[in-house]
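Below: the structure, in structure tokens.
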Amino acid sequence: MTKISGHTKIVGIIGDPVQHSRSPQMHNAAIAERKLDYIYVPFHVRSGELREAIEGFKALNVLGVNVTIPHKRAVMSILDDASREATLIGAANTLIFCDGKVYGDNTDAQGFLQAMAEEGIDVPVGGSAVVLGAGGAARAVVVALALSGLNLITIANRTEWKANQLEKELAPTSETAISVVDLASSQLNAAIHSADLLVNTTSVGMKDTDQLLIDLDSLSPDTTVYEIVYTSPETPLLRIAREKGCQTIGGIGMLVHQGAIAFEKWIGIVPNVETMRIALEQALYPKEL
Ligand SMILES: NC(=O)c1ccc[n+]([C@@H]2O[C@H](COP(=O)([O-])OP(=O)(O)OC[C@H]3O[C@@H](n4cnc5c(N)ncnc54)[C@H](OP(=O)(O)O)[C@@H]3O)[C@@H](O)[C@H]2O)c1
């Protein structure tokens with residue numbers, strides 16, 4: 001436990017709810033290992049109080065905060081400035097306070113790519129990906145892939161207008177073709193069959209009892225399956241993909257890397273990602289360890 005004094009600098013996370021977040025364990029483990037005089041604190045901030053909370057952080061010299069549901073998009077209108085990625089994604093997951101101003105960034109896209117690289121899997125430049133979902137995380141994943149030079153991204157979401165909106169916003173910003181298909185369509189099966197990468201960004205898989213969102217009959221062993229849900233080490237989607245012989249990537253790597261990038265932006269020191277991963281696994285999967 002960090003020894004707190006008047007010199008201790010504060011970083012943290014805002015959300016509603018925020019009690020479930022495991023980011024405090026992950027960041028505080030990295031802080032403790034480096035013997036830094038910092039502490040990472042969860043702050044419960046309700047939607048109607050976001051602006052006041054940001055003003056409060058400025059006044060209290062808080063260094064920076066992560067942003068989680070439901071504030072990632074809403075916070076954009078309060079920022080003094082934002083990174084290119086946050087602007088493209090339309091959401092910030094990391095805020096930095098400096099000289100009375102607040103700067104917004106989004107480390108989810110980089111975290112997604114770094115976790116893939118860590119597994120030794122290349123982004124399929126010139127190839128194709130299928131992205132399931134069109135929520136906040138999907139926006140970061142589609143931006144990450146579009147900026148990496150894919151030829152085609154196919155998006156399928158339960159609420160189709162949200163996928164269409166995502167396509168409309170992002171298509172003009174990149175050379176990657178983006179198409180939207182119905183979740184239950186044969187076009188989706190064909191897109192999955194020929195995809196180099198299939199990414200689940202929906203919250204389906206958070207519970208062991210969740211039904212699979214799609215028919216995986218057309219999934220080829222040559223497709224890499226990336227699951228960003230991290231509530232269990234192997235979701236039903238990942239299990240089936242592994243049994244079919246696909247390379248698989250779980251969600252914990254993205255969570256670790258988006259956090260590590262934010263840590264470095266606030267503190268100026270590269271944290272030990274292995275320490276962060278172990279702290280997260282202990283917090284998320286106590287029974288499996
Ligand atoms: N690994 C990481 O670092 C990381 C980072 C961010 C998020 N995540 C995880 O990614 C997941 C999504 O987060 P988010 O921020 O994108 O949430 P969000 O903005 O609320 O989006 C949720 C998405 O899931 C879909 N969905 C939810 N329930 C569904 C169901 N029963 N059937 C079909 N589709 C369903 C939604 O479809 P509709 O549009 O039809 O509602 C939407 O596309 C969560 O599990 C979150 O923990 C992981």
Residues that are over 17 Å from Tyr230 (Cα atoms) and without any contact (Cβ under 8 Å) to a residue 60 or more places away in the chain, drawn from the range 246-287: Cys246, Glu264, Gly268, Val270
Residue ID - surrounded by the most Cβ atoms within 10 Å (Cβ to Cβ), chosen from residues in the range 182-196 that are within 14 Å of the ligand (Cβ to nearest atom) and in a loop (DSSP other than H, G, I, E, B): Leu183
Those residues of the range 102-125 which are of a type in the set (Gly, Ala, Ser), touching a strand residue (DSSP E or B) at 6+ places or on another chain (Cβ under 7 Å) and within 11 Å of the ligand (Cβ to nearest atom) amount to Ala115
Selection count, the range 216-268, where residues are part of a loop (DSSP other than H, G, I, E, B), within 16 Å of the ligand (Cβ to nearest atom) and charged (D, E, K, R): 1
Identify, please: which residue in the range 30-85 is part of a strand (DSSP E or B) and touching a residue at least 60 places away in the same chain (Cβ under 8 Å) and is, among those, surrounded by the fewest Cβ atoms within 10 Å (Cβ to Cβ)? Tyr38
When you check Leu113 against the structure, is it assigned by TED's automatic domain parsing to the domain that holds Pro271 and surrounded by fewer than 23 Cβ atoms within 10 Å (Cβ to Cβ), yes or no? no
Here is a check on your reading of the model: is Val199 crowded, with 23+ Cβ neighbours inside 10 Å and within 12 Å of the ligand (Cβ to nearest atom)? yes
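The values are calculated or read from the model by the stated rules, or taken from the named source; none is laboratory data. Fair warning: this is a prediction, and the values are worked out from it, not measured in the lab. Neighbour counts run over all protein chains shown; Cβ positions are idealised from the backbone, glycine included.
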